[in-house]
Each structure stands twice: as C-alpha cells, then as structure tokens.
Amino acid sequence: MERVFTYQDIQTVYVSAEAAEDQLSKRILGRLGTNVQIIKYPSSKDPLATSAALEQDARMAEGKQTLLLTRYKGNWLKACPGTARHICCNLYVVNQAEGCPLDCTYCILQAYLRRNPTLKIYTNTENLMATVQQRLEAEPSRLFRVCTGEMGDSLVWDNLTDFSLSMVPLFARLENGVLELKTKTANINNLLTLKNEHQGKTVVSWSLNAKSVTEHDELGAHPLKERLKAAALAAEAGYRVGFHFDPIVHFSGWQDEYRETIKSIFEHVRPSQVAWISLSTLRYHKDLQSIMIARFPESKLPYGEQFLAKDYKIRYLQPIRLKMLRFMWQELKSVAANIPVYFCMESPAVWRAVSGGLPIAGSEIKEIYCVGRAGLCSCNDDLRR
Ligand code: SF4
C-alpha cells in the first residue's frame with residue numbers, strides 16, 4: 001500500500017512577492033521547517049507551467065512536490081457548474097488552494113491543471129472570508145451550502161494553514177450558510193478544538209470507496225479505517241458528518257467491498273449524525289483517460305463497459321450505473337430509511353429509476369436542494385418536472 005502524504009514530501013516552495021509579507025505565508029514556511037527549498041519569486045504565475053504535452057506527465061509529478069504561495073484575485077465564491085441535463089445539488093465552492101498533493105488515479109485535476117501543475121495556497125484569506133460573509137449577508141433568504149474541496153482536498157493543508165480555525169467560526173455566525181469540508185485525510189485536530197464553536201454549521205465529509213479502490217487508486221490518502229476513525233471523532237465533537245461515494249467503481253466483487261464499507265460507516269457513526277451521503281458512479285472527461293493510462297498504467301479504472309456521453313464524459317453503460325446506484329441506495333436505506341442520500345449529477349430518469357422519485361420527494365434531503373426556500377437556485381426547476 002502507498003504511504004500517506006506528509007508535508008515533508010514538499011521539496012520546494014515558491015513565495016510570490018505579493019504574498020511574502022502575508023501572515024499565512026510566514027505561518028506555512030515556519031511549519032514546513034528547514035528541509036524545504038524556499039525561492040523568492042517575482043511573479044504569481046505557475047513556476048512549472050508548460051504547454052508542451054510531452055513534458056506534462058513529468059511536471060505533474062514535480063508539481064505534487066512544489067508549492068506556490070500567492071494571492072488569489074478572482075471570484076472566491078462560485079456556484080458549482082454542475083452538468084447539463086443533470087440534477088445538481090445547489091453547491092457553492094470556495095477555493096483557498098488549488099491542486100492537491102494526494103494523487104488519485106481518477107482525479108480530474110490532472111486534466112484541469114496539467115498546464116499549471118504547481119500546488120498553490122492563496123494567502124489573502126482575510127479577503128476570502130470578507131467576500132463570503134458579504135455575499136451570504138446580501139441574500140439572507142437563500143441557504144448557501146459552501147464546500148472548499150473542489151480544486152483540492154479541504155483538510156490536506158489544514159495543519160499548515162489553520163484555515164478551518166477561521167472558516168468554522170465564520171459559518172457558525174452566518175445564519176444562512178453551511179460549510180462542508182470534504183477530505184480523504186484524517187486531519188481533524190483543528191476541528192476538534194472547535195467543538196464548542198461550530199454550532200452544527202460545519203459538515204465534515206469523507207470521500208469513501210471500496211477498500212481495494214482506496215488502496216490502489218487513492219495514492220497518498222489516509223486508509224479507509226483512519227478516515228472512518230476521524231469521522232467518529234468529528235461526530236463525537238458534535239459535527240454532522242457526510243460521506244461521498246465518488247467514484248463508485250465496477251469490478252469483480254464490487255458488491256461485497258462496498259457493502260463492507262457501508263457496514264464500517266455505521267460501526268463508527270450513528271445514522272442520526274449523518275448530514276448526507278452522495279453516490280456517483282465513475283465518470284471522467286475524455287481528456288483524462290489518456291492521462292490516467294500514462295500516469296497509472298496499473299489502474300483498472302479506465303477500462304470496462306464504458307462509453308463516451310454527449311457531455312464528453314466517459315461513463316459506465318446505463319444498466320451498470322443503475323445497478324450500482326440501486327445497490328448502494330438499498331444498502332444505505334436498509335440501515336435507516338430516512339438517511340439523506342443523493343446522487344451527484346444524475347439525470348431525472350436515474351433519480352426516478354433508483355429512488356422512485358425526484359429529490360423533492362425526499363424531505364430528508366431538503367437541506368441539499370434548498371427545497372421550499374425563497375431564492376432557489378435555477379437547477380431546482382428540474383426538481384418539479
Ligand atoms: S483527494 Fe480529491 S483533489 Fe486530491 S487527488 Fe484525490 S480526487 Fe484529486
């Protein structure tokens with residue numbers, strides 16, 4: 001089994017001129033210690049950027065060991081783009097970092113960031129916090145479910161940045177916000193110190209999978225057992241916890257392994273402590289397929305009964321997808337019928353076929369879909385058809 005990522009794996013840190021005096025840059029450099037090469041960097045551009053296709057695989061590996069500290073100048077809070085003709089789950093994303101030092105074979109960031117592979121942490125976090133606060137206060141009738149794990153893992157840098165120590169109390173104060181921290185790590189030390197402050201407004205969620213997928217296709221991540229132990233500790237500290245089965249992979253013996261993972265979840269947390277569980281079968285942009293094959297020749301994920309759909313994503317054939325989603329849905333619902341389960345980016349037809357209705361039919365997932373609140377996001381139009 002691959003070993004778990006540690007901060008000692010970072011070899012080089014570039015510090016852009018604009019970030020050099022930021023408090024967060026100093027904290028990160030102080031915690032990384034003396035074994036890392038620090039380079040003062042005049043620009044904020046990716047130091048490993050390349051458009052040469054042949055160099056990209058090698059640079060991706062180098063990028064996993066290289067960190068750029070810089071400031072972010074774009075729009076911090078964005079609605080998740082979702083997928084055309086699929087029901088989306090009303091998620092907003094905010095990225096304090098870009099890129100991930102873990103190395104999952106199926107990670108879409110390999111395609112998104114192949115020209116700019118350096119890991120980045122943005123150091124102007126006061127600006128991030130102010131932006132989030134202003135936006136949520138400007139729309140008090142809308143519920144914002146905000147996740148920080150779109151362009152990386154929400155907690156992988158937390159012991160360097162202490163980002164959660166600012167974000168969790170912020171969301172505790174904001175009436176119409178729920179923060180989701182999504183991870184494949186067990187880095188919850190900071191969260192445990194906030195047990196009297198989170199006010200139930202932060203959901204800590206873990207991406208889970210069949211054991212063999214976590215071992216072979218999630219390099220650098222914490223083993224399944226450690227993720228679940230961390231979930232138990234977070235739940236004990238009063239956090240609601242979430243789980244994401246993403247991607248659910250089809251292989252010989254998949255039912256037994258996924259059943260085992262589901263059983264393990266409820267050996268660690270009670271159904272009442274679960275905020276939501278999402279299900280999503282393996283799908284990936286066609287550009288990712290050749291990258292996966294080149295970088296991870298032993299991975300079985302790019303093979304099997306898959307097809308290229310109209311949205312340029314490769315998916316399992318519909319009967320396989322339905323079989324897997326139905327299996328997972330039934331296994332979870334057999335533990336507790338009202339456990340909040342949803343499908344990530346699936347069509348209304350799949351919702352009907354597996355759950356017997358659209359999300360609006362399930363009151364237990366109200367929070368995810370904002371059902372019945374003013375200021376619904378436009379994707380909820382799908383829920384009524
Ligand atoms: S943990 Fe998430 S962001 Fe990080 S490599 Fe894996 S899939 Fe990508």
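The values are calculated or read from the model by the stated rules, or taken from the named source; none is laboratory data. Computed from a predicted structure; not experimentally measured. We place every Cβ from the backbone using ideal geometry, glycine too, and count neighbours over all the protein chains shown. Surface accessibility is based on the protein's heavy atoms, side chains included, excluding ligands, DNA and RNA. Shrake-Rupley method; radii C 1.70, N 1.55, O 1.52, S 1.80 Å.
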(message) Below 15 angstrom from the Cβ of Val132, what's the summed charge of the other residues (Lys, Arg +1; Asp, Glu -1)?
(response) 0
(request) Among the trypsin sites (Lys or Arg not before Pro) in the range 219-317, which ones are in a DSSP loop with at most 11 other Cβ atoms within 10 Å of the Cβ? Mind listing them? (result) Lys310
(request) Return the calculated 222 nm mean residue ellipticity for the chain, to the nearest 500 deg cm²/dmol, obtained by summing -39500 (n - 2.57) across DSSP H runs with n ≥ 4 and dividing by the residue count. (result) -9500 deg cm²/dmol
(message) Using Cα-Cα distances under 8 Å and only pairs 6 or more residues apart, what relative contact order does the range 1-41 have, in percent?
(response) 57
(message) Loop only by DSSP, 10 or fewer other Cβ within 10 Å of the Cβ. Give me the chymotrypsin sites (Phe, Trp or Tyr not before Pro) in the range 128-198 that pass, ordered by residue number.
(response) none
(request) Roll a 1.4 Å probe over the protein chains and send me the accessible area per residue for the range 280-326 in Å². (result) 54
(request) Using a 1.4 angstrom probe, figure out how much accessible area the range 127-266 has per residue, in square angstrom, rounded to the nearest whole. (result) 35
(request) Report the local net charge at Phe251: Lys and Arg +1, Asp and Glu -1, summed over other residues whose C-beta lies under 12 Å from its C-beta. (result) -2
(request) For Phe307 paired with Ala232, estimate the spin-label separation in nm (one decimal), with each label point 7 Å from Cα along the Cα-to-Cβ line. (result) 4.4
(request) Summarise the long-distance tail of P(r) for the chain by giving the % of C-alpha pairs beyond 35 Å. (result) 23
(message) P(r) for the range 175-270, please, calculated from all Cα pair distances in 5 Å bins and given in %.
(response) 2, 14, 25, 23, 17, 10, 6, 3, 1, 0
(message) Counting only GluC sites (Glu not before Pro) that sit in a DSSP loop (anything but H, G, I, E, B) with at most 15 other Cβ atoms within 10 Å, what is the longest stretch of the chain containing none of them?
(response) 22-174
